[in-house]
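This report refers to the structure that appears directly beneath it.
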Amino acid sequence: MMIFNIKFVYFIIFILCFSCSKKTDQISDLKEKNLETQMIEVYNQGMKELERGDVIYAGKKFSEAELLFPQSIWAPRAVLMSAYGYFSQGYYGNAINDIERFLIKYKNHPQTDYAYYLLALCHYDQIVDEKKDLNQIILSKKYFQKVINDYPNTDYARDSKYKLEYITEVMASKEMYLARYYFKREKWIPAIKRFQKVINDYETTIYVEEALHRLVEINYKIGLVNEAEKYASLLGYNYQSSLWYEASYKIINKDYEKKKPSSQKDKESILKKFKKLFK
């Protein structure tokens, strides 16, 4: 009889424990559902404020939504929407902070490609003056390149390529600005280095012709006639119809022979061939 009572007591305890466990799970599920419901409500409030144009208040709402339920799929979305809101109104510092936090906290998220693209745009849109905004130029180039390398088949990668073309022009422009600065002050060595950098690193930009002409001009001035002729030949092969070539032609010699125009493919190979002379 005693053994029966003990077994009965164990059975009752087991039932009570199972019941409590089930109730605890139900309470936990209920809390999560309530949290997610609250989060979605706050997230939607953030969206409404974003549509109204109040990105500061929208950002606060998105941050509140993330804090309410960080494990929810809505949490990373809230961070990205907050970043986009700040970006759209020019609050680049706030947007960058949100994106960098997203990339650390939500690694391998499906929208990581968008996050890097938006981060690149934040730096890109701050490029105003190539003489002052070098850090923004470097960072935007870095993140656009990452989008192209890591997410090549996305629309973000395609647009990043177009943006990089502009950045290349800006960087070449900065080199030309410095080169002209040294040129005007007759600081020939630093000027030569800057003009050479343009033709070596930015050969697809609009500044190559002038850079080649200036190298003809400087080398002729300092008595390096052979060097001047090499650059004049390079300019003639690739840009014979340009005013810069005509100016170089006049510097070297009135009887300096003009070369016949080459095909575009030949021009590219000749440019690479001549560049080797100066390495």
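Only the coordinates and a few stated rules stand behind these numbers; no lab work does. All values derive from a computational prediction rather than experimental measurement. Cβ atoms come from the backbone with ideal geometry, glycine included; neighbour counts cover every protein chain shown.
Okay, here's what the table says:
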item	result
Computed label-point distance, nm, for sites Gln71 and Asp125 using a 7 Å Cα→Cβ extension	3.5 nm
Kirkwood Rh (inverse of mean 1/r, distinct Cα pairs), the range 29-99, angstrom	11.8 Å
Among the listed pairs Lys141/Lys161; Lys48/Lys105; Lys184/Lys230, those beyond 18 Å (Cα-Cα)	Lys48/Lys105; Lys184/Lys230
Theoretical gain in end-to-end length, Glu169 to Ile222 [0.36 nm per residue, Cα-Cα removed]	16.1 nm
Gain in span if fully extended, Met47 to Glu203, counting 0.36 nm per residue against the direct Cα distance	51.6 nm
